[in-house]
Ligand SMILES: Cc1ncc(C[n+]2csc(CCOP(=O)(O)OP(=O)(O)O)c2C)c(N)n1
Ligand code: SF4
Ligand code: SF4
Ligand code: SF4
């Protein structure tokens, strides 16, 4: 059966660490990094990328528009 | 399948619209202004009218909206955006014209301009971002500040006996014959973002049909002014702002 898998790319340098995307993700893909970017923000990163369905939720709530989403059909 | 195999141009499903510039937004982390900007620009992109639209930026945190919205823009004096938009629309009736304003801008210093533009039924769209406070200048009380809500000029909470009652501009303009579509939305969760975008789309579609003034309020957060984290602020907004400023369409065309 074909399954849909997703992946996201976050622009770490432009992320402001607001954590809004974390709550928006239904499959708990995103976590906050312990490291900071050059502006001093703990940036968001896709810690559990295998769980991503490419639903766009994180990207459409990111106030800074720094998330890009990809989605592909995978033959199981 | 590994993420690196999915991250390919042919699998792209969402990226920031080209109608937003690559400038880093000047807003605080988690501020709803960024989302409100982006969905407005997405609507213009989806309608294919980016080149035919002129926006008017306010005074307030979003004074620099023209740095972020990659379309023709004019910045107006505090509160005067609907008057400036009126002038632009009357000179260029075939262009799409909108204002983007905060609550200090639209509901305090610009009350007269807002009400009269709506009452004249100017064929413009007004995007009204209501965070219940003057964000830019340090979180002072606005006409929209809730009863009991703390601000830097109402540190013990807004006392309505002393400071007057909050003003529901959106309900007010809905009563005017010049408005055709008046709606109140939010942008803090995916569900709300999708609904808000639909409302903004409808506003511009009605402008295309020359239906008079269309008005979309976005109830938003001001984490810095409210002195909360973005996530706390969004929760506080749901618990306190939404009961007073209920979401949904207030006026739709017959
Ligand atoms: C004529 C004039 N009066 C006062 C000010 C100071 N001022 C700048 S922004 C602002 C309030 C903005 O608040 P709001 O419209 O709610 O926008 P926010 O910053 O919250 O997005 C004020 C009073 C000004 N710039 N010009
Ligand atoms: S696209 Fe959906 S599933 Fe993937 S990280 Fe974003 S919110 Fe989570
Ligand atoms: S919503 Fe955007 S800016 Fe905020 S933490 Fe997530 S990626 Fe960063
Ligand atoms: S002060 Fe408030 S309204 Fe202004 S950018 Fe910061 S959070 Fe947004």
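Screening residue B:212 on (1) more than 16 Å from ligand 2 (Cβ to nearest atom); (2) within 23 Å of residue B:28 (Cα to Cα) shows it passes everything except condition (2). Out of the residues in segment B:29-48 meeting the condition of being surrounded by fewer than 24 Cβ atoms within 10 Å (Cβ to Cβ) and over 15 Å from residue B:197 (Cβ atoms), tell me which one is farthest from ligand 3 (Cβ to nearest atom). The residue in question is B:48. Which one of B:79, B:30 is part of a loop (DSSP other than H, G, I, E, B), more than 16 Å from ligand 4 (Cβ to nearest atom) and in contact with a helix residue (DSSP H, G or I) (Cβ under 6 Å, 6 or more places away or on another chain)? Among B:79, B:30, only B:79 is part of a loop (DSSP other than H, G, I, E, B), more than 16 Å from ligand 4 (Cβ to nearest atom) and in contact with a helix residue (DSSP H, G or I) (Cβ under 6 Å, 6 or more places away or on another chain).
I'd like to verify a number: residues in segment A:1-11 that are within 11 Å of chain B (Cβ to nearest Cβ) and not in a strand (DSSP E or B), how many?
Filtering segment A:1-11 for residues within 11 Å of chain B (Cβ to nearest Cβ) gives A:3-9, A:11.
Then drop every residue that is not not in a strand (DSSP E or B), which leaves A:11.
Summing the residues that are within 11 Å of chain B (Cβ to nearest Cβ) and not in a strand (DSSP E or B) in segment A:1-11 gives 1.
Residues that are in contact with a helix residue (DSSP H, G or I) (Cβ under 7 Å, 6 or more places away or on another chain), closer than 24 Å to residue B:229 by Cα and within 16 Å of ligand 1 (Cβ to nearest atom) do occur in segment A:52-63, at least one of them.
Residue by residue, here is whether (1) within 14 Å of another protein chain (Cβ to nearest Cβ); (2) farther than 20 Å from residue B:113 by Cβ; (3) modelled with pLDDT under 95 holds:
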{"position": "B:148", "(1), (2), (3)": "no, yes, no"}
{"position": "B:166", "(1), (2), (3)": "no, no, no"}
{"position": "B:171", "(1), (2), (3)": "no, no, no"}
{"position": "B:193", "(1), (2), (3)": "yes, yes, no"}
{"position": "B:197", "(1), (2), (3)": "yes, yes, no"}
{"position": "B:219", "(1), (2), (3)": "no, yes, no"}
{"position": "B:235", "(1), (2), (3)": "yes, yes, no"}
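For segment B:190-231, which positions are in contact (Cβ under 8 Å) with a residue 12 or more places away in the chain and part of a loop (DSSP other than H, G, I, E, B)? Of everything in segment B:190-231, those that are in contact (Cβ under 8 Å) with a residue 12 or more places away in the chain and part of a loop (DSSP other than H, G, I, E, B) turn out to be B:210, B:211, B:212, B:220, B:221, B:222, B:227, B:229.
If you take the residues in segment B:131-142 that are touching a residue at least 40 places away in the same chain (Cβ under 8 Å) and over 16 Å from the mean Cα position of the chain (by Cα), which one is surrounded by the most Cβ atoms within 10 Å (Cβ to Cβ)? Restricting to residues being touching a residue at least 40 places away in the same chain (Cβ under 8 Å) and over 16 Å from the mean Cα position of the chain (by Cα), the top hit is B:139. Scanning segment A:12-41 for residues that are closer than 23 Å to residue B:194 by Cα, in contact (Cβ under 8 Å) with a residue 24 or more places away in the chain and part of a loop (DSSP other than H, G, I, E, B) turns up A:15, A:16, A:17, A:18, A:19, A:25, A:26, A:27, A:29. Note on segment B:173-191: residues that are within 13 Å of chain A (Cβ to nearest Cβ) and surrounded by 24 or more Cβ atoms within 10 Å (Cβ to Cβ) amount to 3. In segment B:15-26, the count of residues that are surrounded by fewer than 24 Cβ atoms within 10 Å (Cβ to Cβ) and within 16 Å of residue B:130 (Cβ to Cβ) is zero.
Within segment A:12-50, restricting attention to residues that are more than 25 Å from residue B:24 (Cα to Cα) and within 11 Å of chain B (Cβ to nearest Cβ), which residue is surrounded by the most Cβ atoms within 10 Å (Cβ to Cβ)? Show your work before the answer.
Within segment A:12-50, the subset more than 25 Å from residue B:24 (Cα to Cα) is A:26-28, A:48-50.
Those left that are additionally within 11 Å of chain B (Cβ to nearest Cβ): A:26, A:48-50.
Values: A:26: 11, A:48: 12, A:49: 18, A:50: 12.
Checked segment A:12-50; the qualifying residue surrounded by the most Cβ atoms within 10 Å (Cβ to Cβ) is A:49.
The values are calculated or read from the model by the stated rules, or taken from the named source; none is laboratory data. Just so you know, these numbers come straight off a predicted model, no measurement behind them. Glycine gets a Cβ as well: all are built from the backbone with ideal geometry, and neighbour counts include every protein chain shown.
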